[in-house]
Amino acid sequence: MLVKTYCAAVNGLEVTTVTVEISMSRGVQFHLTGLADTAVRESYDRIKAALINNGLKMPMMDITANLSPADIKKEGSGYDLPLAIGILAANDKVAAERLDKFMLVGELGLDGRLMPIRGALPVAIRARKEKFTGLIVPKQNIREAAVVNNLDVYGMEDLMEVINFFNGHSALEPTHIDTRKEFYEQQNHFELDFSDVRGQESVKRALEVAAAGGHNLIMIGPPGSGKSMLAKRLPSILPPLSLAESLETTQIHSIAGKLDRNTSLISQRPFRAPHHTISQVALVGGGQNPQPGEISLAHNGVLFLDEMPELSRSVLEVLRQPLEDRKITISRAKYNVEYPCSFMLIASMNPCPCGYYGDPTHSCACTPGQIQRYMNKISGPLLDRIDIHCEIQAVPFAQLSQMKPGEPSAVIRERVIKARNIQTERFSSLPLGKGGGMGRIHCNAMMTERMLHQFAEPDAASLDMLRMAMERLKLSARAYSRILKVARTIADLAGSEKVQSMHIAEAIGYRNLDRGDWAERGL
């Protein structure tokens, strides 16, 4: 007898519908075909134990199970449930009439319980696209899968519950989640707020500009000056996620197995802060079984690299292409996957190896040569992709104890959203794909050189100021377009249609690390 059940294979963000074909004939062997990895091949032992522990038996027949299409590699334990139901249906223990209307995914425990799997959300999206009536997932995955509308999603506890469902012995109701209600309720709840930060007004201004234009930023200052504290509060002033952005971000976290079981949709922009010992694979993704890296987990959010020069040079260099293209393509001998990675890079570093160069309260023992070598750990091409360089000093205790609470994040966020709306309107007339492969341009940091001439062309006075600054401050040529992008954002925050000299002047002040004499001067 031949029976078919349906599940899905996840490769990057691409999901392929897999047909599980079960054929039985006289004999006693089990054959599994269809390019299955070790975890899938071991499913026979898990299914056999689950059936025995639930009062059932593995059929004493020659069983051939094929996972079609057979040329796509199948990985993971999510094939246990469709294989088990297919075998039981071929043995007349499960009614096969409705099997073609449902997609099934789930790992079986030896006692028959269904264990959670990765990628339930993209699987649900695929099931809806293929016009399946319903999707059966483990109970732990129900919230992330049920956000997909026009699809009946059932969360099951164990194998017997699935068997009873198909045999008509139990009537279960699909799970429905008011996605929009939950999404918008959780968007504005932040544990960290800029009102907790005393002083550091210039740095907060730089972070506001970065948030308004989607710019990458690096903070340079001594230990204890508040670099990490300020960076962690950046998500509280970023524009809220749209539903489309949230769905895309949630899919990535679902595939990586990083999604909280009580979470249906990620409602706040991700903030990822990997340790400086991170490897290249952990940062950009890949591995024997490809998984998204930190840059993809930070998609539509913030990637914070604390003590950036402490990361290995090879790890830092792999950031160059993703920062430019906002996607990462991982090519190996056995697979080729692509993950989105449109994130804001926020980095921090000490000004020298000891950390106290230019600090008025501590003496620095580093020579200019040591400082320069320390700075050279960040290559010029990588630094070229960081729009804003911000110097920061520790706030003295006398001032710290007297200062009032700072401006709350909600107030700053309103200005940021207003500036982003201006940019959205500006770029809405551009056809999709004008971003050089990045899709729709939606913030100033994504502008191309041609767009700079169209939207950020300085007037004669501003151009003279920019030329003078580049000559006197020894600014590199690569700083030119970065200054114009940042100046365009500053103008948007001020509600100015044209880029004026005051906007150029502020943007020039954010290019400190481009100055040729940086390591030889005091802060």
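The values are calculated or read from the model by the stated rules, or taken from the named source; none is laboratory data. Just so it is clear, the structure is predicted and the values come from calculations on it, not from any experiment. Reconstructed Cβ throughout: ideal geometry from the backbone, glycine too, with neighbour counts over all protein chains shown. Side chains included, ligands, DNA and RNA excluded: accessible areas come from the protein's heavy atoms. Shrake-Rupley method; radii C 1.70, N 1.55, O 1.52, S 1.80 Å.
As a summary of the residue check, Leu114 satisfies the conditions (1) under 22 Å from Gly257 (Cα atoms); (2) touching a Gly at 6+ places or on another chain (Cβ under 7 Å); (3) in contact (Cβ under 8 Å) with a residue 60 or more places away in the chain; (4) open to solvent by less than 10 Å² (accessible area, probe 1.4 Å) except for the one numbered (3).
Take the conditions surrounded by fewer than 23 Cβ atoms within 10 Å (Cβ to Cβ), in contact with a Pro (Cβ under 8 Å, 6 or more places away or on another chain) and either under 30 Å from Pro360 (Cα atoms) or at pLDDT below 90 (or both) and apply them to Leu475. Does it pass? Judged against the criteria, Leu475 is not a match. Listed by first and then second residue, the pairs with beta-carbon distance under 8 Å, at least 6 apart or on different chains, first residue in the stretch 135-151 and in contact (Cβ under 8 Å) with a residue 60 or more places away in the chain and farther than 15 Å from Gly78 by Cβ, second part of a helix (DSSP H, G or I) and open to solvent by less than 10 Å² (accessible area, probe 1.4 Å), are Ala146/Ala124; Val147/Leu121; Val147/Ala124; Val147/Thr250. Within the stretch 23-52, residues that are free of Cβ contacts under 8 Å to residues at least 12 places away in the same chain sit with their Cβ atoms under 7 Å from residues that are open to solvent by less than 60 Å² (accessible area, probe 1.4 Å), at 6+ positions apart or across chains, in these pairs: Arg41/Leu32; Lys48/Met58.
Identify the residue in the stretch 309-343 that is in a strand (DSSP E or B) and open to solvent by 10 Å² or more (accessible area, probe 1.4 Å) and, among all such residues, is farthest from Ile392 (Cα to Cα). Can you show your working first?
To start, the set of residues in the stretch 309-343 that are in a strand (DSSP E or B) comprises 327-331, 336-340.
Still in the list and also open to solvent by 10 Å² or more (accessible area, probe 1.4 Å): 327-329, 331, 336, 338, 340.
Details: Lys327: 31, Ile328: 32, Thr329: 36, Ser331: 40, Asn336: 42, Glu338: 37, Pro340: 32 Å.
Residue satisfying both the conditions and the ranking: Asn336.
For the residues His189, His176, the requirement of being open to solvent by 50 Å² or more (accessible area, probe 1.4 Å) and within 30 Å of Leu114 (Cβ to Cβ) singles out His176. One residue stands out in the stretch 382-398 among those that are at pLDDT below 85 and in a helix (DSSP H, G or I): the one that is farthest from Asn216 (Cα to Cα), namely Ala398.
Taking the stretch 285-296 as the range and being touching a helix residue (DSSP H, G or I) at 6+ places or on another chain (Cβ under 8 Å) and either open to solvent by 20 Å² or more (accessible area, probe 1.4 Å) or of a type in the set (D, E, K, R) (or both) as the test, the residues that pass are Gly287, Gln291, Glu294.
Annotation note: Cβ proximity below 7 Å between a residue of the stretch 168-185 that is touching a residue at least 40 places away in the same chain (Cβ under 8 Å) and a residue that is open to solvent by 60 Å² or more (accessible area, probe 1.4 Å) (sequence gap 6+ or interchain) occurs for Ile177/Arg143. From the list His299, His276, the lone residue that is surrounded by fewer than 22 Cβ atoms within 10 Å (Cβ to Cβ) and either over 17 Å from Ala256 (Cβ atoms) or not aliphatic (A, V, I, L, M) (or both) is His276. Identify the residue in the stretch 202-257 that is more than 22 Å from the chain's Cα centre (by Cα) and among the polar types (S, T, N, Q) and, among all such residues, is least open to solvent (accessible area, probe 1.4 Å). Selected residue: Ser225. Every condition in (1) among the basic types (Lys, Arg); (2) surrounded by fewer than 14 Cβ atoms within 10 Å (Cβ to Cβ); (3) touching a strand residue (DSSP E or B) at 6+ places or on another chain (Cβ under 8 Å) is met by Lys4 except one, and the failing one is (2). Screening Lys74 on (1) within 29 Å of Ser25 (Cβ to Cβ); (2) surrounded by fewer than 22 Cβ atoms within 10 Å (Cβ to Cβ) shows it passes everything except condition (2).
Answer yes if at least one residue in the stretch 287-303 is free of Cβ contacts under 8 Å to residues at least 60 places away in the same chain, out of contact with any His (no Cβ under 8 Å at 6 or more places or on another chain) and of a type in the set (Asp, Glu), and no otherwise. Yes, some residue in the stretch 287-303 is free of Cβ contacts under 8 Å to residues at least 60 places away in the same chain, out of contact with any His (no Cβ under 8 Å at 6 or more places or on another chain) and of a type in the set (Asp, Glu). Give just the number: which of (1) over 18 Å from Thr19 (Cβ atoms); (2) open to solvent by less than 30 Å² (accessible area, probe 1.4 Å); (3) of a type in the set (D, E, K, R); (4) more than 24 Å from the chain's Cα centre (by Cα) does Asp80 not satisfy? Of the numbered conditions (1) over 18 Å from Thr19 (Cβ atoms); (2) open to solvent by less than 30 Å² (accessible area, probe 1.4 Å); (3) of a type in the set (D, E, K, R); (4) more than 24 Å from the chain's Cα centre (by Cα), the odd one out for Asp80 is (1).
On the stretch given as the stretch 117-141, residues that are open to solvent by 80 Å² or more (accessible area, probe 1.4 Å) and either in contact with a helix residue (DSSP H, G or I) (Cβ under 7 Å, 6 or more places away or on another chain) or closer than 19 Å to Met160 by Cβ (or both) total 2.
Any chance you could count how many residues in the stretch 356-381 are open to solvent by less than 40 Å² (accessible area, probe 1.4 Å) and in contact with an Asp or Glu (Cβ under 7 Å, 6 or more places away or on another chain)?
1
Looking at (1) at pLDDT below 90; (2) in a helix (DSSP H, G or I); (3) in contact with a helix residue (DSSP H, G or I) (Cβ under 9 Å, 6 or more places away or on another chain); (4) not β-branched (Val, Ile, Thr), find the lone condition where Arg415 falls short. Evaluating Arg415 over (1) at pLDDT below 90; (2) in a helix (DSSP H, G or I); (3) in contact with a helix residue (DSSP H, G or I) (Cβ under 9 Å, 6 or more places away or on another chain); (4) not β-branched (Val, Ile, Thr) leaves (1) as the failure. Across the stretch 478-515, the qualifying residues are those that are open to solvent by less than 40 Å² (accessible area, probe 1.4 Å), touching a Lys or Arg at 6+ places or on another chain (Cβ under 9 Å) and of a type in the set (Gly, Ala, Ser), and the one among them that is farthest from Ile218 (Cα to Cα) is Ala491.
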